[in-house]
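The values are calculated or read from the model by the stated rules, or taken from the named source; none is laboratory data. Because the structure is a prediction, the values reported are computed rather than measured. Note: ideal-geometry Cβ built from the backbone for every residue, glycine included; neighbour counts use all protein chains shown.
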Amino acid sequence: MRIDIITVLPQLLESPFQHSILKRAIEKGLAEVNLINLRDYSTHKQKSVDDYAFGGGAGMVMGIEPIANCINALKSQRTYDEVIYTSPDGELLNQKMSNHLSTLNNIIILCGHYKGVDERVREHLITKEISIGDYVLSGGELAAAVICDSIIRIIPGAISDETSALTDSFQDNLLAPPVYTRPAEFNGWKVPDVLLSGHTKNIEEWRHEQSLERTKQRRPDILE
Ligand code: ADE
């Protein structure tokens, strides 16, 4: 899949794609991520992309012109399945949405900034608005990184042990069960016997019970 991220802070988004699973997925050609500097599409001398809000009030607004120029230039090269805008007003990101987005071919993510974008961008150029939580970030870049991480890591082949993405919390509407590694005892704190038993069926049953119990206690809202 191809992800084109439109941002005024491309440097802020470099690191998330240069490590671990995302780096490997990109190297394997499973995902291509392009950071596009919105200022390159500004026609102003100072390369500004924002202006005062009509009607007054604090805060600058991202203008429609550079955004339209940028999105139209991208759209002239290929078709996009979604043009996403990161905003606290958007639909809350969840695993189901990430699973769906990871099946798409080409997407654009526009990172919001300042007081937001001219409403006409949202009305005419954006197909989906996504929020990563009920809190306000200083810009949409970190939200874009979260969205990309959650969708790239589940592209088949991105994680070497393919089943491990399927056993993540939320994939079956359950939180993940507790996990342990060596030593089997530390400070008198023991690993549950069943995990040391080698009995695969009992271990699977135990994990499912623990997932269910944890979800009931911590996130009863996600249990169907
Ligand atoms: N931009 C600012 N806050 C945000 C949030 N919570 N989600 C997505 N984009 C944002």
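Okay, here's what the table says:
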quantity: Residues of the range 86-114 classified as more than 11 Å from the ligand (Cβ to nearest atom) and either assigned to a strand (DSSP E or B) or under 24 Å from Ala58 (Cα atoms) (or both), total; calculated: 3
quantity: Residue within the range 131-146 that is at pLDDT 95 or above, of a type outside the set (A, V, I, L, M) and farther than 30 Å from Asp50 by Cα present; calculated: no
quantity: Test: residue in the range 23-31 that is over 25 Å from Tyr135 (Cβ atoms), out of contact with any His (no Cβ under 9 Å at 6 or more places or on another chain), in a loop (DSSP other than H, G, I, E, B) and aliphatic (A, V, I, L, M); calculated: yes
quantity: Subset of the range 192-209 [loosely packed, with under 12 Cβ neighbours inside 10 Å and outside any helix (DSSP H, G or I)]; calculated: Ser197, Gly198
quantity: Residues within the range 117-145 that are near the ligand (Cβ under 7 Å from one of its atoms), farther than 16 Å from Asp81 by Cα and in contact with a Phe, Trp or Tyr (Cβ under 8 Å, 6 or more places away or on another chain), tallied; calculated: 1
quantity: Tabulated pairs, the range 90-104, first in contact (Cβ under 8 Å) with a residue 60 or more places away in the chain, second within 16 Å of the ligand (Cβ to nearest atom) and in a helix (DSSP H, G or I), C-beta under 8 angstrom, 6+ apart or interchain; calculated: Gln95/Ser150; Ser102/Ile151
quantity: Any hit, the range 175-188, residues being under 20 Å from Met97 (Cβ atoms) and surrounded by 10 or more Cβ atoms within 10 Å (Cβ to Cβ); calculated: yes
quantity: Test: residue in the range 144-153 that is touching a residue at least 12 places away in the same chain (Cβ under 8 Å), in contact with a His (Cβ under 6 Å, 6 or more places away or on another chain) and assigned by TED's automatic domain parsing to the domain that holds Thr79; calculated: no
